[in-house]
1. What pairs from LYS93/LYS116; LYS5/LYS93; LYS16/LYS93; LYS15/LYS93 go past 19 Å between their alpha carbons?
2. Rounded to the nearest 0.05, what FRET efficiency do TYR132 and GLU70 have when you use their Cβ-Cβ distance and R0 = 41 Å?
3. Which of LEU127, LEU54, LEU101 ends up with the largest GNM mean-square fluctuation for the chain, with Cα atoms connected below 10 Å?
4. In cubic angstrom, how much convex hull volume per residue do the alpha carbon atoms of the chain span?
5. List the trypsin sites (Lys or Arg not before Pro) within region 52-95 that fall in a DSSP loop (any state other than H, G, I, E or B) and whose Cβ has at most 12 other Cβ atoms within 10 Å.
6. Once the Cα atoms of helix 39-54 and of the chain are each reduced to a long axis, what angle between those two axes, in degrees from 0 to 90 to the nearest 10, is obtained?
7. Would you please name the GluC sites (Glu not before Pro) within region 47-139 that are DSSP coil residues with at most 11 other C-beta atoms within 10 Å of their C-beta?
8. Where does the chain land at 222 nm, in deg cm²/dmol rounded to the nearest 500, when only DSSP H runs of n ≥ 4 count, each adding -39500 (n - 2.57), divided by all residues?
Amino acid sequence: MVEHKIYEGISSTFKKEETLRHFLPSSGADRALNYLLSTPQIIEMIIEASATMLDPLLPREYITVGTHIELSHEQPTLVLAGGTITVKLTVVKIHGNRINLDIECYDENGLICKGKYERAIVNKEKLRVTSYKRAQGIV
């Protein structure tokens, strides 16, 4: 078991300003929808926020990696205005090397989405070795 400083109930708020310059129109998609904050963009923010929150609480040779996410969109939000997206994460359960988080994302007008996210504590070197072996067809 890895000694760490993560505990149930710990919470963090991550804010990121989003503007249209971060998002290029996707080919073949309805251009009117390119101005909406998409699921992949929200997930990217959640990943960044959770790593920023959890990884500094681990020994240097460990990180957390995502294993499972459930996300429901509650309201659409535009990226045109350059507003701030707030991601709130709360650790709700720790079991072994698994950390379960509740997620809430907001813009200036309220809740955008909510969900659950599981991350695992892993050794960086073991992850690197395993991924290279798998890429070579060894694993």
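Please treat every number below as a calculation from the coordinates, not as lab data. All of these numbers come straight from a predicted model, not from anything done at the bench. Because the Cβ atoms are built from the backbone with ideal geometry, glycine has one as well, and the counts that use them run over all protein chains shown.
1. Listed pairs above 19 Å: LYS16/LYS93; LYS15/LYS93.
2. It comes to 0.85.
3. Sorting by GNM fluctuation, first place goes to LEU127.
4. 139
5. Taking region 52-95 and a limit of 12 other Cβ atoms within 10 Å, the loop trypsin sites (Lys or Arg not before Pro) found are ARG60.
6. 40
7. GLU61, GLU108
8. Result for the chain: -6500 deg cm²/dmol, rounded to the nearest 500.
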